[in-house]
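One structure is given below, encoded as structure tokens.
The values are calculated or read from the model by the stated rules, or taken from the named source; none is laboratory data. In this text the structure is predicted, and so the values were computed from the model without any measurement. Cβ placement follows ideal geometry from the backbone for every residue including glycine, while neighbour counts extend to all protein chains displayed. With ligands, DNA and RNA removed, areas are computed over all heavy atoms of the protein, side chains included. Shrake-Rupley method; radii C 1.70, N 1.55, O 1.52, S 1.80 Å.
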Amino acid sequence: MTNYIDLHTHSTASDGVYSPTELLGKAKEVGLRVLALTDHDTTGGLEEAAQAARSLDIDLIPGIEINTDVGGGEVHVLGYFLESWRPEFQAVLKVLRDARERRGQRIVELLNEHGIHISWERVREIAQGSVGRPHVAEALLEAGYVQSIGEAFDKYIGNGRFAYVPRYKLTPEDAVRLVASANGLPVIAHPLELPGLDELRKWLPGLCEAGMVGLETYYGQYTPENERVLHALADEYNLIPTGGSDFHGPGIHPTPLGGRYVPYEAVERLQAEAARRRGKTPPPFKLPTPVQEK
Ligand code: AMP
Ligand code: ZN
Ligand code: FE
Ligand code: FE
């Protein structure tokens with residue numbers, strides 16, 4: 001069976017393997033008609049993706065994924081139908097990416113201090129766009145310090161390992177408000193991994209208050225039972241159930257591009273909500289000060 005929709009993917013603009021053009025090519029190959037590109041903290045891949053999508057007759061939904069912190073846990077917030085050209089919005093994304101740069105450099109320093117010699121220049125080169133730990137992992141793999149990306153996280157850069165450096169993150173509510181400040185639609189990503197169902201129940205009222213509009217229900221390897229629970233929660237809070245693969249490239253996440261069935265209703269409901277917002281003056285977003293490095 002061919003799936004037509006994938007609303008969660010990454011390109012080389014963040015930590016995906018394929019460039020936006022290559023990603024759209026793969027999307028065409030597997031028969032997708034609607035694709036959302038949701039790179040971490042950057043919309044840098046969207047223009048190229050939109051061009052490729054036009055020539056392949058695929059509907060591209062401009063998106064983003066923002067990782068946030070809640071008292072020790074994490075919530076990832078997806079944003080759909082962003083008006084990504086808005087300068088105030090881009091200025092905030094730049095702050096988030098700059099924090100990623102400083103943190104990446106610090107990770108490399110820590111590795112170097114422990115006799116592990118990879119260079120920041122090489123990590124930067126591998127990253128191309130928005131830099132993340134997967135790029136450090138790749139540099140470690142390339143230099144022969146580990147045999148796999150997973151091993152790099154387990155040994156060196158995973159949470160609690162010696163070269164782990166926390167990253168500056170927004171609160172989930174602020175990420176919701178940031179997405180809304182570009183007239184985008186905030187959606188909670190992979191809710192069962194992060195933050196987990198119990199945490200999610202605790203956070204949902206506040207997140208909805210802040211303007212959440214969707215809940216990623218048809219995600220990756222979620223079982224029919226997972227899907228049922230999430231769909232019920234989405235209904236309870238009047239959230240749009242969305243979904244996708246979280247494709248980063250072959251072998252990075254278990255679900256291939258287009259590997260998850262997402263009902264067309266998800267796209268229709270997102271489109272309808274986006275149409276209500278388009279062209280309106282969005283609510284302003286102010287970065288919380290002082291910006292903490294955590
Ligand atoms: P960062 O945003 O720089 O903190 O990097 C987080 C990204 O690293 C996540 O989006 C995952 O794709 C990846 N990641 C986190 N933990 C692991 C792991 N144990 N193995 C492989 N990739 C991981
Ligand atoms: Zn990623
Ligand atoms: Fe995520
Ligand atoms: Fe993702």
Rounded if a/c is under 1.5, else prolate if a/b beats b/c, else oblate: with a ≥ b ≥ c from the C-alpha gyration tensor eigenvalues square-rooted, which is segment 65-141?
-> prolate
Projected onto the charge dipole of the chain (+1 at Lys/Arg Cβ, -1 at Asp/Glu Cβ, origin at the Cα centre), which of PHE153, LEU170, VAL30 gives the Cα projection farthest towards the positive end?
-> LEU170
Three principal axis lengths of segment 1-145 [C-alpha, angstrom, descending] | 50, 35, 27
In degrees, nearest 10, the alpha-carbon axis of helix 264-277 is tilted away from the dominant principal axis of the alpha carbons of the chain by 90 degrees
Which value at 222 nm does the chain reach when only helices count, each DSSP H run of 4 or more adding -39,500 (n - 2.57), with the total divided by all residues and rounded to the nearest 500 deg cm²/dmol?
-> -12500 deg cm²/dmol
Using Cα positions and a limit of under 23 Å, work out the lysines in reach of LYS169, with same-chain residues fewer than 8 apart set aside.
-> LYS94, LYS202, LYS286, LYS294
Excluding ligands, DNA and RNA, the carbon-plus-sulfur percentage of the accessible area of the chain with a 1.4 Å probe reads 51 percent
Accessible solvent surface per residue of the chain, calculated while the other protein chains remain in place, 1.4 angstrom probe, Å² = 44 Å²
Taking Rh as the Kirkwood radius computed over C-alpha pairs, what is the Stokes-Einstein D of the chain at 10 °C in a medium of viscosity 1.306 mPa s, expressed in µm² per second?
-> 82 µm²/s
List the trypsin sites (Lys or Arg not before Pro) in segment 187-280 that DSSP assigns to loop (not H, G, I, E or B) and whose Cβ has at most 15 other Cβ atoms within 10 Å. Which are they?
-> ARG278, LYS280
Please give the helix 87-113 orientation as an angle from the longest Cα principal axis of the chain, in degrees from 0 to 90, rounded to the nearest 10.
-> 30 degrees
Neighbour cut-off at most 16 other Cβ (10 Å), DSSP loop, chymotrypsin sites (Phe, Trp or Tyr not before Pro), segment 66-159 = TRP85
Once you charge only the Cβ atoms, +1 for Lys and Arg and -1 for Asp and Glu, what is the size of the charge dipole of segment 184-228 about its Cα centre, to the nearest 20 debye?
-> 100 debye
Size of electric dipole in the chain: Cβ of Lys, Arg +1 and of Asp, Glu -1, about Cα centre, debye, nearest 20 = 580 debye
Semi-axes of the equivalent ellipsoid of segment 143-294: what are they in whole Å, largest first, if each equals the square root of 5 times a C-alpha gyration tensor eigenvalue?
-> 29, 23, 15
So for the chain, taking the charge dipole from beta-carbon charges (+1 Lys/Arg, -1 Asp/Glu), which of HIS76, GLY279, TYR264 sits furthest toward the positive end?
-> GLY279
